[in-house]
Structures are given as structure tokens and as C-alpha cells.
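For reference, the structure discussed in these notes is given below.
The values are calculated or read from the model by the stated rules, or taken from the named source; none is laboratory data. Because the structure is predicted, anything quoted here is derived from the model rather than measured. Ideal geometry is used to build each Cβ from the backbone, glycine not excepted, and the neighbour counts take in all protein chains shown. Areas reflect the complete protein model, heavy atoms only, side chains present, ligands, DNA and RNA absent. Shrake-Rupley method; radii C 1.70, N 1.55, O 1.52, S 1.80 Å.
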Amino acid sequence: LAVERLSREFRNALPGSVRVSGDCLEYLPIRVAGTYFSVPIGTPQTSMTVAAVSTDLAGESGRVAIYSVGANPYDETSDILSPVATIGAPDGDSISTISWSGLHDFAFESPTRRFYLVGDPISYCLDGEYLFRYSNYTMTTAQPVVADLPASLPNRALLVNKVSGSALPFTVADPGLSRNAIVMLAFDFSTGGETIQVTHEVQLRNVP
């Protein structure tokens, strides 16, 4: 169950946002994805237009990411992420507008004209025999360590315990010409004098 939970979450990660440091993995979760019509490149603006999103998603907020490769997507001064933005309801031409405060432009177009609206970062860390999920904390350019993450519920939630002997619980294989990036999980679960080793690969299916 723990591995299945991790797999489902990581498949929803912004391309290029999965990073590992020690026993911690961090990623930016995708809230909305779609195709854009116009996006500010080189000339800062306060909005962009996209193919109509579901009316249920109107009002959803987060940061827009365009072509999140080649730079640190956690760096708020980079051209990858917009300021906090909100999706508007579709108009009569099936176009939605995403607006943010202040002026912003992106460095590159996406080859597939994809945009992602992402939420705050999520971390999973192995702390002793406990695997915790961390949320609702401030995004930082450098990956945080356990001591910098929330220390109590609901922002620190226990996923599973009795983990032992997992020297490298998370590793990431960078994308190649024939596949997307892969997150590799490796856990040893011990109880009652017995140990079960679980290894699993999660392909990150989203593309920039």
C-alpha cells in the first residue's frame, strides 16, 4: 500500500521537479495540466490563454510552469514558474485565462505547448524506521532536510513504519532519448524477525 501510494503521487509530479537528497524525496504536484494558446515569452505580461479547462477547476490556484527543464523549478526567481496564478472560467470560445499578480514572462516555449499549474512542494522522508509525508511548507531553492520540515500533524503524516536497512530509499534516473525519468524505490520492511525487501520503479509520464 505504501509503495502504491508513492507511485500514484510521483506520477503526478511536474517534469524536472523530482529531486533526492539523502533519505528525502521532494516534488511539485501538478494540479491542472493542459495546452496553452498564448504565453508571454520575452515580453512580461500578467496572463496567458489556454484551452478551456473544466468549470470545476475554475478558480484553482498555483504557479504556472512552462518547459521545466534546464533550470531549478524551485527557484522562484527563475523563468520556469509564474507568480501565484488563478484559472478563470472558460469563455464562449472555449478559452480560459490564467492570471497572476505582477508581470512575468517565461524563458522558453514548450515544444508540446504544455502548461502545468503546480501546488506547493511535497516531501517524503525516511526518518529512522518511519516514512513521513510532509506538506504545507515554504518552497526553497535548496532541498530542505528533515529538520526544516513540519514536525507535527497534519503537515507531517506517517505513511508506514518498521522500515529498516534502506540505505538509499529513493533514487532518480534522469530521462533519456527513449524514456522519461524514473524514480526507484527500495525499502526493507522488518517485523516479527522477518524482513521483506521491496523495490519498485515509477516512470514519470508527464513531459515538458
Would it be correct to say that Val84 is assigned to a strand (DSSP E or B) and surrounded by fewer than 16 Cβ atoms within 10 Å (Cβ to Cβ)? yes
Consider only pairs whose beta carbons are under 6 Å apart and that are at least six residues apart or on different chains; among these, list those whose first residue lies in the stretch 37-50 and is closer than 20 Å to Pro111 by Cβ and whose second residue is open to solvent by 40 Å² or more (accessible area, probe 1.4 Å) and of a type in the set (A, V, I, L, M). Thr49/Ile95
Being surrounded by fewer than 20 Cβ atoms within 10 Å (Cβ to Cβ) and within 19 Å of the chain's Cα centre (by Cα), is that true of even one residue in the stretch 36-54? no
Can you give me the number of residues within the stretch 134-160 that are open to solvent by less than 60 Å² (accessible area, probe 1.4 Å) and touching a strand residue (DSSP E or B) at 6+ places or on another chain (Cβ under 6 Å)? 9
Filter result for the condition that a residue is surrounded by fewer than 16 Cβ atoms within 10 Å (Cβ to Cβ), in contact (Cβ under 8 Å) with a residue 24 or more places away in the chain and not in a strand (DSSP E or B), over Gly59, Gly92: Gly59
Kindly list the number of the only condition in (1) in contact (Cβ under 8 Å) with a residue 40 or more places away in the chain; (2) open to solvent by 20 Å² or more (accessible area, probe 1.4 Å); (3) under 17 Å from the mean Cα position of the chain (by Cα) that fails for Val118. (2)
